[in-house]
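The values are calculated or read from the model by the stated rules, or taken from the named source; none is laboratory data. Just so it is clear, the model here is predicted, and its values are computed rather than measured. Here the Cβ is made from the backbone with ideal geometry for all residues, glycine too, and neighbour counts use every protein chain on show.
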Amino acid sequence: MGGATAALDQDAELMLRVRDGDSVSFDALLRRHRSSVVHFLIRMVGNQAVAEELAQEVFLRVYRSRSSYSPTAKFTTWLFRIATHAALNALRDGKHERAQESLDAVSEDLPARQIPDARPSVEQSMIRQVRLDEIRRAVLALPEKQRAAVLMHKYEEMEYSRIAGSLGCSESAVKSLLFRAYETLRERLAAMA
Amino acid sequence: MSHLKCGDITDSLLEFVAGRLDGAARARVDAHLEACSACREFVDAHRAVWQSLDAWEAPPVSPDFDQRLYARIAAERSWWDRLLEPVRFATRHRWPIAAAAGVIIVAGIAVNRYALPDRSGPASQPSISQAARQGASIQLESLRPDQADAALRDLEMMHEISESPAGAPAAPPM
C-alpha cells in the first residue's frame, strides 16, 4: 500500500528527483508547500517571525535529508511531521511565551492599524478584530497536540490517517484529539458565536 | 436507516460539519439528524466553531522567504563548494562520476604532498591556514566514492542556486 501510494504522490517523485540532484524539483516542492507550512507554523506558535524561522528549518531539513529520502509515506505527511516536531520543540523551548507576548502586542496595535477611512465600519472592524483575537487565543490555548491536529484538519484539510502519520499516533487517537479540541473550542467560543 | 444510535455516527459528525463526507455517508447523518435533536444541536454548535475558525486567515509569507532559505542552503554547502572547486569543470562537461571522484582524490593527494609545509620542519605553532589545509586534505582523502558522488550532486545543485538571480529561487530550465 505504501508503494502504491508513493507511486501516485507527485511530491514524492519530486523529492526523488531532488535526491538525484535536481534543484528545479526542490524549488517546485518549496513553491507547492511553502505557504501551508508557514501558515501551519504561524497558527501553532502565534508569531510570524518565529514561524518563518521554523519553516526555514523545516525546508533545510528536507534538503539535508534528500540523499536518504525514501518514499515510505506520503510526502506531505513526512513534511508535516517535521513541521510539527519543529513547532513542538519551539514551544517547549519557550518561544510560545514570546509568541503570546507578540499576540498581546498585536492586540494592542490593532486599533492603531485600523485607520478609520470608512467611519461607519470602524466599530465593526474593531469587533471583528476582537473576535479574531479571541479565536487565536482559544486555538493557542489548546494543548499542543490537539492544536496541531485541529490545524491540520481544519486548515490543511488533512485526512485522519495523514494527521496520524504526522503526529505519530493512531487514527483513533487523532479522532479523540480532534473531538476534545473542537469541544474545548466550542465552549470557549460559545459566547461569541 | 434513520435509526442509527448517536454513538454510531459520532466519528462522522465532525467530518459532516467539515463538509467532507461523501454522498452516502452524508445522507446517513442527515437522516439521523432529522430524528435526533441532541446531534442536531451538536452539529449546529460545531458549525459555528468551524465558521469562526474560518476568520483566522494567516498572513502572506514574507517575499524574501525563498531567498533567505537558499542563502542558508548555500552557506551550509559552501564548504563542499570550495572543496570541489577543481571538479566543477568535470561535472559541467558531463565527465563520468568516477573520473570526477578520481580528480578529487588526486587533488587531495597533491595538496597533501606538495602544497602543505614540510612535516619534518619545526612543529611549533602552525598557522591557521596551514591547519585548515591539513584539515582539507584529510577530508579529501577520507572521501568514499558514494560521498564523492553525493558531493558532486550537491555541487551541481548549489551551483545552479548560486547562479540564479538574487531573490529568485533557483529554477534553471528543465
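Summary table
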read-out: Residue check for A:Glu144: in contact with a Lys or Arg (Cβ under 9 Å, 6 or more places away or on another chain) and more than 13 Å from chain B (Cβ to nearest Cβ); value: yes
read-out: Of all residues in segment B:1-57 being under 39 Å from the mean Cα position of the chain (by Cα) and acidic (Asp, Glu), the one that is farthest from the other protein chains (Cβ to nearest Cβ); value: B:Asp22
read-out: From A:Ala190, A:Ala87, A:Ala181, residue being at pLDDT 95 or above, farther than 22 Å from A:Ser35 by Cα and part of a helix (DSSP H, G or I); value: A:Ala181
read-out: Search result, residues across segment A:168-179 that are touching a Leu at 6+ places or on another chain (Cβ under 9 Å) and surrounded by fewer than 21 Cβ atoms within 10 Å (Cβ to Cβ); value: A:Cys169, A:Ala173, A:Lys175, A:Phe179
read-out: Per-region count, segment A:147-176, residues under 18 Å from A:Ala51 (Cα atoms) and within 13 Å of chain B (Cβ to nearest Cβ); value: 7
read-out: Qualifying position, being of a type in the set (Lys, Arg), in contact with a helix residue (DSSP H, G or I) (Cβ under 6 Å, 6 or more places away or on another chain) and at pLDDT below 95, among A:Arg92, A:Arg66, A:Arg81; value: A:Arg66
read-out: Hits in segment B:1-17 (condition: of a type in the set (Gly, Ala, Ser) and in a loop (DSSP other than H, G, I, E, B)); value: B:Ser2
read-out: Per-region count, segment A:128-162, residues within 13 Å of A:Thr77 (Cβ to Cβ), without any contact (Cβ under 8 Å) to a residue 24 or more places away in the chain and under 15 Å from the mean Cα position of the chain (by Cα); value: 1
read-out: In segment A:8-54, the residues that are more than 16 Å from the chain's Cα centre (by Cα), of a type in the set (S, T, N, Q) and facing chain B (nearest Cβ under 10 Å); value: A:Ser23, A:Ser25
read-out: Helices (runs of 4 or more DSSP H) (entirely within segment B:18-121) containing at least 1 residues that are at pLDDT 90 or above, surrounded by fewer than 19 Cβ atoms within 10 Å (Cβ to Cβ) and touching a Gly at 6+ places or on another chain (Cβ under 6 Å); value: B:65-83
read-out: Qualifying positions in segment A:139-154 - more than 17 Å from A:Glu171 (Cβ to Cβ) and not charged (D, E, K, R); value: A:Val139, A:Leu140, A:Ala141, A:Leu142, A:Pro143, A:Leu151
read-out: Residue in segment A:25-42 that is over 21 Å from B:Arg72 (Cβ atoms) and either surrounded by 19 or more Cβ atoms within 10 Å (Cβ to Cβ) or in contact (Cβ under 8 Å) with a residue 40 or more places away in the chain (or both) present; value: no
